1. Give the residue that is nearest to Gly135 (Cα to Cα), with candidates limited to residues of segment 79-97 that are in contact with a helix residue (DSSP H, G or I) (Cβ under 9 Å, 6 or more places away or on another chain) and buried (at least 16 other Cβ atoms within 10 Å of the Cβ).
2. Return the residues of segment 105-136 that are of a type in the set (D, E, K, R), closer than 24 Å to Leu45 by Cβ and surrounded by fewer than 17 Cβ atoms within 10 Å (Cβ to Cβ); say none if nothing qualifies.
3. Does at least one position in segment 3-26 carry a residue that is farther than 22 Å from Thr122 by Cβ, surrounded by 12 or more Cβ atoms within 10 Å (Cβ to Cβ) and touching a residue at least 60 places away in the same chain (Cβ under 8 Å)?
4. Working only within segment 117-136, note down all residues that are within 16 Å of the ligand (Cβ to nearest atom) and outside any strand (DSSP E or B).
Amino acid sequence: MFGEIDHIGVAVENLDDSIAIYRDHLGMRVQHRETVDEFGVEAALLEIGAAHVELLTPTKPDSGVAKFLERKGPGMHHVAYRTDDIEGVLDRMREEGLRLIDEEPRTGIQDSRVAFVHPKSTGGVLTEIVQPAEGH
Ligand code: CO
């Protein structure tokens, strides 16, 4: 169903400070930075092999990441698996009775199409399905 891990999402309080940690101490290159209004976050992608670490900080107090930080503090937020057929993956997950947070794909970072699966269906891990835009 999935080719590889696309990224690991990490919720952070301060994006600049966190970028500095991953860049200066873990040696990862910043590939992209973007405010994603659909999710109320500012995000940075750091390269790790063919995958990324996605650092996320809220831009709106009612965003999912803001609520996560309030409840749990900074830390691992989600795992994202890459597909080239997000509709097919969502159909299959529905058939298998998994609890979807997003019934339809939404627009994520770099114009990707993304949908989240409820952690109750995936062993306690918030799971994102991502179909990159053409050319990414
Ligand atoms: Co993500």
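1. Thr83
2. Across segment 105-136, the qualifying residues are Arg106, Asp111, Glu134.
3. Yes, there is a match, as at least one residue in segment 3-26 is farther than 22 Å from Thr122 by Cβ, surrounded by 12 or more Cβ atoms within 10 Å (Cβ to Cβ) and touching a residue at least 60 places away in the same chain (Cβ under 8 Å).
4. Quick first cut of segment 117-136, residues within 16 Å of the ligand (Cβ to nearest atom) only: 117-119, 122, 125-133, 136.
His118, Pro119, Thr122, Val125, Leu126, Pro132, Ala133, His136 - these are the residues of segment 117-136 that are within 16 Å of the ligand (Cβ to nearest atom) and outside any strand (DSSP E or B).
Read-outs: derived from the displayed coordinates by stated rules, not from any lab. Computed from a prediction, not measured in an experiment: that's the story for all the values here. We place every Cβ from the backbone using ideal geometry, glycine too, and count neighbours over all the protein chains shown.
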